[in-house]
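One structure below.
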Amino acid sequence: MADHNALPLVILAEKFASLPGIGMKSAQRLAYHVMSMNENEVEDFAQALIDAKKNVHCCKCCQNLTEREICPICSDDDRDKSVICVVENPKDVSAFERTREYNGVYHVLHGLLSPMDGVTPDSLRIKELLAQGGVNEVIMATNPTVEGDATAMYIAGLLKPLGVKVSRLAFGLPVGGILEYADEVTLYKALENRSNM
Ligand code: ZN
């Protein structure tokens, strides 16, 4: 924003611009829009940000985001706890849930290994996965990217000595395809045709 703009407005625009997918032009538009909202609306908006951050945390079992201690999927007795689908982030859980075909549980890593960016095994929720008991199969459902494949290989290497079957999604997607954009049928097929690692 130009120098003639009020400083709080400039700061607000910079905050919007720090969000993913929002450039400076859009950020400025959003900042001006906030000025056109009434005070209650602005307070509700700010409160929603604070409430989400305060009340949502990782499920103790699967590390997916939830407002409960154990998320609804992990606490569902009809889900097969012996099959765990390992994904990069919570958005991927939603993608698999949309297929309505998967009846196991999940484990969210909250990232992928990327030593160049300083993401080491300790930065991901890998220990929590290894601590799960009664597991027959772990499906590595990370994206087919360099980081996704490397993370799948790394975790498979830790699980196999424990006698756990490890499989990988069969991607009919182009290499680097992103799970969250895949349609339900593609994802279901990728799950059904998974192969042993
Ligand atoms: Zn859970």
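We did not get these values from a lab; they are worked out from the coordinates using the rules stated. Being a predicted model, the structure only gives us computed values, none of them experimental. So basically every Cβ, Gly included, is an ideal-geometry build from the backbone, and we count neighbours across all protein chains shown.
For GLU147, what charge total do you get from the other residues with a beta carbon under 15 Å from its beta carbon, if Lys and Arg give +1 and Asp and Glu give -1?
-3
Take the eigenvalues of the Cα gyration tensor for the chain, scale each by 5, and report the square roots as semi-axes in whole Å, largest first.
After diagonalising the Cα gyration tensor, the semi-axes are 38, 19, 16 Å.
Calculate how steeply helix 90-99 sits against the longest principal axis of the alpha-carbon atoms of the chain, using the helix alpha-carbon long axis, and give the answer as 0 to 90 degrees to the nearest 10.
Compared with the principal axis, the helix lies near 60 degrees.
Around HIS57, under 13 Å between beta carbons, what's the net of Lys plus Arg minus Asp minus Glu among the other residues?
+2
Any chance you could give the angle, 0 to 90 degrees and rounded to 10, that helix 146-159 forms with the longest Cα principal axis of the chain?
Its long axis makes an angle of about 40 degrees.
I want to verify a result. In a Gaussian network model of the chain, Cα cutoff 10 Å, which of these has the top mean-square fluctuation: ARG168, ARG79, ARG29?
ARG29
Summing +1 for each Lys or Arg and -1 for each Asp or Glu, what net charge is found among the other residues whose Cβ lies under 14 Å from the Cβ of ALA95?
In short, -3.
Give me the number: length gained by fully extending ALA150 to HIS33, i.e. 0.36 nm times residue separation minus the C-alpha to C-alpha distance, one decimal in nm.
37.8 nm
Which angle from 0 to 90°, rounded to the nearest 10, does the C-alpha axis of helix 7-17 make with the longest principal axis of the chain?
20 degrees
Of the listed peptides 139-151, 155-167, what is their order by residue-averaged count of other C-beta atoms within 10 Å, with the highest listed first?
Taking the mean over residues of other Cβ atoms within 10 Å, the ranking is 139-151, 155-167.
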